[in-house]
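Note sheet for the following structure.
The values are calculated or read from the model by the stated rules, or taken from the named source; none is laboratory data. Because the structure is predicted, anything quoted here is derived from the model rather than measured. Don't worry about glycine lacking a Cβ; one is built from the backbone with ideal geometry, like all the others, and counts go over all protein chains shown. To get the accessible areas, we keep the full protein, side chains included, count just its heavy atoms, and leave off ligands, DNA and RNA. Shrake-Rupley method; radii C 1.70, N 1.55, O 1.52, S 1.80 Å.
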Amino acid sequence: MSTGLAELTARAYDLVEAGDLSAAQLLLGDALASVDTDPRNASEALADAASLHSRVLVGLGEPHSARAWATFAYEAESRLYGRGHERTIRAAATLAAVLHRTGSLADSAGLYGVVIEGLTALEGPDSPQVLAAHADLATVEYARGDCDTARARLAEAWDMTREAHGDANPAGIKMLARLGAMERDCGHFTEAHQHLAHARELCRAYLTPTTR
């Protein structure tokens, strides 16, 4: 079973790489339809398949369908590899995103904290993945109504991205635009105007239409 599932998952990875998420979802959905869903019994192959399936479902805009698989993958990979392993942290990030999209904001925020801590230990505080996780956590904090905390976190993430990776970094430009939109929604119109204008300038200077 594990060997066959691993082969199917490898095919699904190829489909995802080719941009065919729907085909990947069908392949994984069929493969996982009758598996044991107790994470305590999961093999490495099953955990990998479940993790990919949850990411595919998120990519297809189906977070509610992804939630059970994302939870299963995180619990299974935590048992198999430990909380600090890269695979477990990636599963935690997927589950945090799913929880955000399904309205479990407190749980999402707590899990993003776990992701940030784990990635910082693995990659350092200036890594793109750590800074992206801070930006995602800021979005959750904003959704919970904590504008000041969210704005401060996102502003710091943008500053660190710019310092570590330069003004041309697409992720940094998108963070700046997100910061401006957040400030506008929080009633900080002067800062919002400045940051949105700066983001437009950087976008025109450095981003092609395919990266905007």
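Scanning segment 91-106 for residues that are in contact with a Pro (Cβ under 7 Å, 6 or more places away or on another chain) and either in a helix (DSSP H, G or I) or buried (at least 23 other Cβ atoms within 10 Å of the Cβ) (or both) yields Val98, Arg101. Out of segment 60-86, which residues are open to solvent by 30 Å² or more (accessible area, probe 1.4 Å) and under 22 Å from Glu7 (Cβ atoms)? Listed by number, the residues that qualify are Trp69, Leu80, Tyr81. Cβ separations smaller than 8 Å between residues 6+ apart or across chains give the following pairs from segment 120-137 residues that are closer than 16 Å to Ala97 by Cβ to residues that are open to solvent by 10 Å² or more (accessible area, probe 1.4 Å) and of a type in the set (Asp, Glu): Gln129/Glu123; Val130/Glu123; His134/Glu156. Quick one: Asp185 ticks every box in (1) more than 18 Å from the chain's Cα centre (by Cα); (2) buried (at least 21 other Cβ atoms within 10 Å of the Cβ); (3) not aliphatic (A, V, I, L, M) bar one, so which box is it? Exception for Asp185: condition (2).
Quickly run through segment 1-20 and pick out the residues that are modelled with pLDDT of 95 or more, open to solvent by 60 Å² or more (accessible area, probe 1.4 Å) and among the aliphatic types (A, V, I, L, M). Hit for segment 1-20 is Ala18, nothing else. For segment 5-34, give me each residue that is free of Cβ contacts under 8 Å to residues at least 12 places away in the same chain and either part of a helix (DSSP H, G or I) or over 24 Å from the mean Cα position of the chain (by Cα) (or both). Across segment 5-34, the qualifying residues are Glu7, Ala10, Asp14, Glu17, Ala23, Leu26, Asp30, Ala33, Ser34.
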